[in-house]
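One structure below.
The values are calculated or read from the model by the stated rules, or taken from the named source; none is laboratory data. No experiment lies behind these values; they were computed from the predicted model shown. Here the Cβ positions follow ideal geometry from the backbone for every residue, glycine too, while neighbour counts run over all protein chains shown.
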Amino acid sequence: MNKDQSVQDMTDTMAKFTSYIGKRLPTDVKDKLAELRTFETNPLAKAVYTSMADNQEAADKLDRPSCQDTGVIQYFIKAGAKFPLLGELEEILRNATQGATRMGPLRHNAVETFDENNTGTNTGTNIPWLDWEIVPDDDGATIDVYMAGGGCTLPGKATVLMPGEGYEGVTDFVFDVITSRGVNACPPLLVGIGVSTSAETAARLSKRAILREVGSRNANENAALMEKLLEEGLNEVGIGPQGLTGANSVMGVNIESSARHPSTIGVAVSTGCWAHRRGKIRFNADLSYEIISHKGAVL
Ligand code: SF4
């Protein structure tokens, strides 16, 4: 296959995949919402979960986006240094976003900052947002697509704590963020926490945390314990589905961290809503692919 054809094929696949994830929730999120419904005794909370499931079923059948806000498109790329289309990926993902916008259709969400005009294509300066990791000695590429909706992005916050504030300071920060603005993000939420040196490294890690599967645990046992304790504590607040009170507040809490400067604790929170539209796809060097996030998905 010549390079132009390969670029076109990958663009088509990514356009279809981006459009697909706007209409169908990933398997882990779908399963978690069904599980959370079983814990509810409050009829209103049960009814909200039922209407979420009905909404998902209708979106699938009618082939329409499952929420009116299809977000700003963000791609988190883990590409092998030997992936044959590494140099073309940026152009591929930009064209795929435009293709998905027509195909979805996706709401036009890219407004040029300072010019205040909507580009009408979901592309613009640095949009789609690309986050890169290059993997040495690999010839494949794994791409996470995320639709950053307005409501679910709104609670996002990052700060740098004094070192003496410790893990208690991290806990206070997370509770403040979720109890003040979490309700705007259409709960139950997937809470992503980044702990690092500075505001921007913590923020990037907190976003990566919500790309991790619901129910997965950090490999470090202290971090995993903190995930569990925060999850239990936030659930005790009882925010419930859509903030109407209920047995739970969150689908889960995922923490990602880096080693950090001894004098600072950078901490950030990102939140995913109940309609947490993200997808993971892995391409091999010959552009054959596997969809990891959505069981049984066919594009
Ligand atoms: S928070 Fe999520 S479900 Fe709610 S309006 Fe925004 S994208 Fe849609």
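Residues of segment 65-91 that are closer than 22 Å to Ala148 by Cα and in contact with a Ser or Thr (Cβ under 7 Å, 6 or more places away or on another chain): Ile73, Lys78. Counting the residues of segment 261-280 that are closer than 15 Å to Ala203 by Cβ and more than 16 Å from the ligand (Cβ to nearest atom) gives 5. Taking segment 14-27 as the range and being buried (at least 21 other Cβ atoms within 10 Å of the Cβ) and part of a helix (DSSP H, G or I) as the test, the residues that pass are Met14, Ala15, Phe17, Thr18, Ser19, Tyr20, Ile21.
Looking across segment 130-162, the residues that are crowded, with 18+ Cβ neighbours inside 10 Å, within 14 Å of the chain's Cα centre (by Cα) and in a strand (DSSP E or B) come down to Ile143, Asp144, Val145, Tyr146, Met147, Ala148. Only a single criterion out of (1) within 28 Å of Arg94 (Cα to Cα); (2) within 16 Å of the ligand (Cβ to nearest atom); (3) not assigned by TED's automatic domain parsing to the domain that holds Leu287 is not satisfied by Ala199, namely (2). Of all the numbered requirements in (1) surrounded by fewer than 18 Cβ atoms within 10 Å (Cβ to Cβ); (2) in contact (Cβ under 8 Å) with a residue 40 or more places away in the chain; (3) of a type in the set (Asp, Glu), Asp176 misses one, and that requirement is (2). Quick one: is Glu227 among the acidic types (Asp, Glu), buried (at least 17 other Cβ atoms within 10 Å of the Cβ) and closer than 27 Å to Trp129 by Cβ? Judged against the criteria, Glu227 is a match. In segment 281-291, of all residues being free of Cβ contacts under 8 Å to residues at least 60 places away in the same chain and part of a loop (DSSP other than H, G, I, E, B), the one that is nearest to the ligand (Cβ to nearest atom) corresponds to Ser288.
Among the criteria (1) part of a helix (DSSP H, G or I); (2) loosely packed, with under 15 Cβ neighbours inside 10 Å, the one Leu234 does not fulfil is (2). Residue pairs whose Cβ atoms lie under 9 Å apart, sitting 6 or more positions apart in sequence or on different chains, and linking a residue in segment 91-120 that is free of Cβ contacts under 8 Å to residues at least 24 places away in the same chain to a partner that is of a type in the set (D, E, K, R), are Thr101/Arg107; Asn118/Glu112; Thr119/Glu112. Considering the conditions (1) surrounded by fewer than 22 Cβ atoms within 10 Å (Cβ to Cβ); (2) under 20 Å from the mean Cα position of the chain (by Cα); (3) in a loop (DSSP other than H, G, I, E, B), Ala259 is excluded by exactly one of them, (2). Filtered by the rule that a residue be touching a strand residue (DSSP E or B) at 6+ places or on another chain (Cβ under 6 Å) and under 27 Å from Lys23 (Cα atoms), segment 225-254 gives Val250, Met251, Gly252, Val253, Asn254.
For segment 67-116, the candidate set comprises residues that are surrounded by 20 or more Cβ atoms within 10 Å (Cβ to Cβ) and among the hydroxyl-bearing types (Ser, Thr, Tyr); within that set, the residue that is nearest to the ligand (Cβ to nearest atom) is Thr70.
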